[in-house]
Structure formats: C-alpha cells, structure tokens
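The values are calculated or read from the model by the stated rules, or taken from the named source; none is laboratory data. This structure is a prediction, so every number in the text was calculated from the model and none was measured. Don't worry about glycine lacking a Cβ; one is built from the backbone with ideal geometry, like all the others, and counts go over all protein chains shown.
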Amino acid sequence: MPLTVLQVKNAAPREKDFGLADGGGLFLWIRAAGGKSWRFRFRLDGKQSHISLGTIDNVTLAQARQLAFDARQLVSQGRHPGLERKVARAQAAISRANTFKSLALEWHQHKSARWSEGYATDVIEAFELDIFPQVGSLPLSEIKPMQWLQVFRRIESRGALEKLRKVRQRCQEVYRFAIATGRVEYNPIADIGGALQTPTSRHYPFLPIAEIPDLIRGFQACPGHDVVKIATRLLILTGVRTAELRGAPWSEFDLDNGLWTIPAQRMKMRRAHLVPLSTQAVTALRELEGITGGYTLAFPGRNDPAKPMSEAAINQLLKRSGYDGKATGHGFRHTMSTTLHEQGYRSEWVETQLAHVDKNSIRGTYNHAQYLEGRREMLQWYANRLDALSCGAA
C-alpha cells in the first residue's frame, strides 16, 4: 500500500538501514542513524540501480512521487535518470555562469567586502527591482544595447533619474568585471547614455524644521503601512541614513537604556555608530515592536520579512503625502544638521550624530564615546522642539 504522510513522519530507525515502499519504485529510506530520504529504484539495460530524490526535510511525499514519476518516464525512454540529472545540472551551471544575474552577483560578492552592509543591500535590491526581472536570466554576451535601453527607459519613465544614473553605473561595472575575467568582450551599455535623460541636480530636497510637523501629520493620515510611517518618524528623530535604518535588526536596539548600536559592517564609513534615542524615538520603537517584534529585522519587507523593507518605501510615502520633490528620507539629515547648528550645538556633536567621518581616526574613535551624553541631550531637545512646533509653538 502507498505510504501516508503520518507513516513517513513516524517511521523509526532500526538496527540496520531499511526501506518502506510507496509503489512504482519509490522508497522511503530510513538509516540506522536516523536520517530519512527518498530513493527511486529502477532497472535499465538489465541492471538494477537507484537514485536519491532528497531528504524528507526538503522533499514532501507528494513531491517525491512526482519526482519518481518523472524518473520512470526517463527510464521508459531508455534514459538513466541519474545521468540525465547530472547533465541538466551541468547545463544549468553553465547557463547560470553566463547570465547577467550570475555575473552581477559574483561582482557584488567581489566588491561588497569593502562596502557597508546597508550599501551592499541597496545595490542588490536595485538589481532585483529593475534589472534582474528584465535581463537577469539572459546570457551576458547576448544582451544588446537596444535591450538595455528599454530596461533603463522603464526606470526613466518613473522620473527616477538619480536611480537610473546609479543603476546604469553599476551595470557598467558588472560588464567591466566580466571583461576583466574573460566572460565577455565588450560593454553594450557604454554608448547608450546619449539616449537617456540625466539628473540635473543631486541635491536632496529638505524642509525647515517648522514644516516637519505638518509633514508628519500628512503622512500619518495617508493610507500606507504603519511600519513605513514609524520608519519615517525615526529618520526624522535620529538623523541616520535610510539604509542604516531599514537594515536594522532588533538586536541592535537597547530600548531600556535608549541606545541604538549600529555595527561597523552596516555603516557607510565602516565605523560602529552609537545613536542615543530620545524618549519619543523609544516610544516609536515600542510601537513598532508590537508590529514587527517577532521578526529579526525591525523593518522587514512586506513580501519577504527576511529582507529589509524597500529602499523606495519612505520616499513613496512622502510622495503620496504630497511632498514629492519637497522632502526625502535623506533630506531629514539636512534638516537636523541645519537646525542643530543654528541652535548653537557643537559642530562635533552634530557631525558625530550624522556619522560624518573624522579625518583624524584616533580622535574620531575617542569622540564617538565622548559625545554620547551630549548628543543624547541634543536629540532630546530636537524631539521636544518638534513636539512643541506640532502644538503650535513659534
């Protein structure tokens, strides 16, 4: 009789390895040591043979039956399923080795050791959003300039010209890497720049602090995910970079002591960063904890919680709130810097809070800890000022 799911689950090991037949050559193989896997037995050219179909942890009973059916079809045609699988794997390996996606991932792995974790994530997410779905599976040497032009014009049509500039630059770097390693002979992206628009300015729009409360009220009232709204509030309250916020695991936050510790590998400047948290920031994180506290990441992606939320999520929220071209996630850093300098706070505190690198590495390391309490008081003043403005104070 065919096996049941419960039999598969409850099958116990014996003193020696043994098999339980499901029918049609499919067996559940139980090792004396305790492992369970699927085997397909068959006879070809007068010889008895078998192939493994995977462990029960990776292959369900239904999947094993389908794999066994496929293998029987090959045997009926006089083809050895094990050899066919090896050939298919070899061909797939060759194909993967020559696609744009595989080369881009290889280039990314080669370069990312020198990048911050946040920047490395941003690079790969941009590929996954705009490049891989279009040309990722195509052999690198067969993608023509016109195909690349179509890919880039899709980004251009959204008005995301700065994004287009970055993505095109990174695609060109993949081709340079492929040329240097002997995979292709020329770069089809090099000569299409004249057919694409370029950003006129790379300055990030920002608002004066007096206009931030209206912005907050605007996006709070706008339809959207609460996680993105909390993330936007925390950008305003902390002055960190968007990538540093999006990629933060809960393990970095000490809410009882109001401190966020970002490790060096996630920082743009490759230096660990301490972020004192105002009481308002802690409150926002407590609220977030009730939503995403069960995940590793504080700001998980909606489709894949193992990945950070989208790079574009915060700016899209601002756009829906009526602030397109008026405010950006990065612009909140400018607002904080301008406000705190005008208030007379020490420049060293402000620059340390924004994680701007100190050219004197020894002094920078010392200042990192020295300014913590000063920065804590500074950020609390900033959060209180936002609250006061929200209540109508001048």
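Observations
- Per the conditions (1) among the small types (Gly, Ala, Ser); (2) over 30 Å from Met378 (Cβ atoms); (3) assigned to a helix (DSSP H, G or I), the sole criterion not satisfied by Ala190 is (3).
- Where Val227 falls short, out of the listed (1) surrounded by 15 or more Cβ atoms within 10 Å (Cβ to Cβ); (2) modelled with pLDDT under 95; (3) not hydroxyl-bearing (Ser, Thr, Tyr): (2)
- Conditions (1) under 24 Å from Ser76 (Cα atoms); (2) in contact with a strand residue (DSSP E or B) (Cβ under 9 Å, 6 or more places away or on another chain); (3) touching a residue at least 24 places away in the same chain (Cβ under 8 Å); number of the one not met by Ala11: (1)
- Test result for Ala272, over 20 Å from Leu340 (Cβ atoms), of a type in the set (Gly, Ala, Ser) and surrounded by 21 or more Cβ atoms within 10 Å (Cβ to Cβ): no
- The set of residues from the range 150-160 being of a type outside the set (Phe, Trp, Tyr), more than 20 Å from the chain's Cα centre (by Cα) and buried (at least 16 other Cβ atoms within 10 Å of the Cβ) comprises Val151, Glu156.
- The range 74-108, residues that are modelled with pLDDT of 90 or more, exposed (fewer than 13 other Cβ atoms within 10 Å of the Cβ) and either of a type in the set (A, V, I, L, M, F, W, C) or in a helix (DSSP H, G or I) (or both): Ser76, Leu83
- Check on Asp57, without any contact (Cβ under 8 Å) to a residue 60 or more places away in the chain and farther than 30 Å from Pro139 by Cβ: yes
- Restricting attention to the range 325-352 and to residues that are touching a Pro at 6+ places or on another chain (Cβ under 7 Å) and assigned to a loop (DSSP other than H, G, I, E, B), the residue that is modelled with the lowest pLDDT turns out to be Gly325.
- Residues satisfying the stated conditions in the range 267-303, i.e. in contact (Cβ under 8 Å) with a residue 12 or more places away in the chain and among the polar types (S, T, N, Q): Ser278, Thr279, Gln280, Thr292, Thr296
- If you check Leu255, Leu277, Leu285, Leu297 for being surrounded by 16 or more Cβ atoms within 10 Å (Cβ to Cβ), modelled with pLDDT of 95 or more, out of contact with any Gly (no Cβ under 9 Å at 6 or more places or on another chain) and not assigned by TED's automatic domain parsing to the domain that holds Leu129, only one passes: Leu285.
- Being in contact with a Pro (Cβ under 8 Å, 6 or more places away or on another chain) and of a type in the set (Val, Ile, Thr) holds for only one residue in Thr261, Thr292, Thr279, and it is Thr292.
- Selection status of Arg89, among the charged types (D, E, K, R) and under 30 Å from Ser141 (Cβ atoms): yes
- Among residues of the range 288-324, those that are in a helix (DSSP H, G or I) and farther than 15 Å from Leu235 by Cα, counted: 9
- Scanning the range 353-370 for residues that are out of contact with any His (no Cβ under 7 Å at 6 or more places or on another chain) and either buried (at least 19 other Cβ atoms within 10 Å of the Cβ) or at pLDDT 90 or above (or both) yields Gln353, Leu354.
- Options Lys307, Lys319, Lys326; residue that is farther than 21 Å from Ala221 by Cβ, surrounded by 15 or more Cβ atoms within 10 Å (Cβ to Cβ), of a type outside the set (A, V, I, L, M, F, W, C) and assigned by TED's automatic domain parsing to the domain that holds Glu377: Lys307
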